[in-house]
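Q: Quick one: structure below, then a few questions.
Just so you know, all these numbers are worked out from the coordinates, no wet-lab data involved. None of these values were measured; they are calculated from a predicted model. Cβ sites come from the backbone with ideal geometry, for glycine too, and all protein chains shown count toward neighbours.
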Amino acid sequence: QVQFVESGGSLVQPGESLRLSCVTSGRIFSLYDMGWYRQAPGKQRELVASLSRGGIIMYADSVKGRFTIFRDNVLNTMYLRMISLKPEDTAVYYCNEHPAIMDYWGQGTQVTVSS
């Protein structure tokens, strides 16, 4: 059974940093393209960053230069390093394949940026 478990979210002030983690199980992690997604209150879920199994990286314009996606295939874990956080980054963050698979959504991790 495929499972993604996100962690690392927190309440932070604008300008601070966080690192999110996504631990995967039930599959050979290195064989799949992955993505970080987020859903803010009242908005649709959106793709924040993607990382292919071949190492190709893409970012949403809103996070370019501030977020870094990377993975450790030995630990079956993907990360999202976020710096210079803004209030508009407030959302529940999820990991999934890219493109996302409906059945694989986890609980996500809450990131709140507020002073």
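Q: What is the sum of charges around Val48, taking Lys and Arg as +1, Asp and Glu as -1, for the other residues whose C-beta is under 11 Å from the C-beta of Val48?
A: Around Val48, the charge tally is +1.
Q: Now, a different point. Determine the sum of side-chain charges near Ala100: Lys and Arg each +1, Asp and Glu each -1, restricted to other residues whose C-beta is under 14 angstrom from that of Ala100.
A: So the surrounding residues net to -3.
Q: A follow-up question, please. Can you order the peptides 27-33, 4-10 by their average number of other Cβ atoms within 10 Å per residue, highest first?
A: Per-residue mean Cβ counts within 10 Å order the peptides as 4-10, 27-33.
Q: Restricted to Cα positions, what overall size does the chain have along the principal axes? Three whole-Å values, descending.
A: Its Cα atoms span 41, 25, 22 Å along the three principal axes.
Q: Can you tell me which of 79-90, 37-48 comes out highest on packing, and rank the rest after it, using the mean Cβ neighbours within 10 Å?
A: Ranking, from highest mean packing down: 79-90, 37-48.
Q: How charged is the neighbourhood of Val2? Take every other residue with its Cβ under 12 Å from the Cβ of Val2, and add Lys/Arg as +1 and Asp/Glu as -1.
A: -1
Q: Could you work out how far the C-alpha centroid of the stretch 64-115 sits from that of the stretch 15-41, in angstrom?
A: Using only Cα atoms to place each centre, the spacing works out to 5 Å.
Q: A further question follows. Quick query: amide H of Asp33 versus all other amide H atoms, modeled in the peptide plane; which residues come in under 5 Å with a sequence gap of 5 or more or a different chain?
A: Arg53, His98
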